[in-house]
Amino acid sequence: MSNLPAPRYLKTPDAALHVGLSPRTLEKHRCYGTGPAYRKLGGRVVYAIDDLDAWADLGRRSSTSDPGIGTVHPARPVRR
């Protein structure tokens, strides 16, 4: 067992796995501005686990009639 701390940031493939999406879908969300907050460190895109969880929580519902606290848009351009 390793004593290394849990990572604070995940690269796209691991971030996608964390929220249950494909990496390509997460990339589309990033391009359209509908996804979780991300950071550019050098040439790499990384996601903070807290940001991934906060974005996923926007889609939390307790029933089909629950309006929830926010909306997780599909990975396509959003008309505003």
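Read-outs: derived from the displayed coordinates by stated rules, not from any lab. Remember, predicted model here, so these are calculated numbers, not experimental data. Don't worry about glycine lacking a Cβ; one is built from the backbone with ideal geometry, like all the others, and counts go over all protein chains shown.
Just one of 53, 66 is part of a loop (DSSP other than H, G, I, E, B) and not basic (Lys, Arg); which is it?
Working: 53 fails: part of a loop (DSSP other than H, G, I, E, B).
Among 53, 66, only 66 is part of a loop (DSSP other than H, G, I, E, B) and not basic (Lys, Arg).
Out of everything in the stretch 23-52 that is surrounded by 13 or more Cβ atoms within 10 Å (Cβ to Cβ) and more than 19 Å from residue 78 (Cα to Cα), what residue ends up being nearest to the chain's Cα centre (by Cα)?
It comes out as 52.
Among the listed residues 60, 79, which satisfies the condition of being in a loop (DSSP other than H, G, I, E, B), surrounded by 11 or more Cβ atoms within 10 Å (Cβ to Cβ) and of a type in the set (D, E, K, R)? If you could, list the steps in order and put the result at the bottom.
Details: 79 fails: surrounded by 11 or more Cβ atoms within 10 Å (Cβ to Cβ).
Among 60, 79, only 60 is in a loop (DSSP other than H, G, I, E, B), surrounded by 11 or more Cβ atoms within 10 Å (Cβ to Cβ) and of a type in the set (D, E, K, R).
Looking only at the stretch 21-80, count every residue that is within 14 Å of residue 11 (Cβ to Cβ), in contact (Cβ under 8 Å) with a residue 12 or more places away in the chain and of a type in the set (Lys, Arg) and tell me the total.
Total meeting the criteria: 3.
Given the criterion under 17 Å from residue 71 (Cβ atoms) and part of a helix (DSSP H, G or I), identify the matching residue among 18, 29.
29
Would you point out which residue out of 75, 37 is more than 23 Å from residue 7 (Cβ to Cβ) and in contact with a helix residue (DSSP H, G or I) (Cβ under 7 Å, 6 or more places away or on another chain)? Steps first, answer last, please.
Numbers: 37 fails: more than 23 Å from residue 7 (Cβ to Cβ).
Going through 75, 37 in turn, the sole match is 75.
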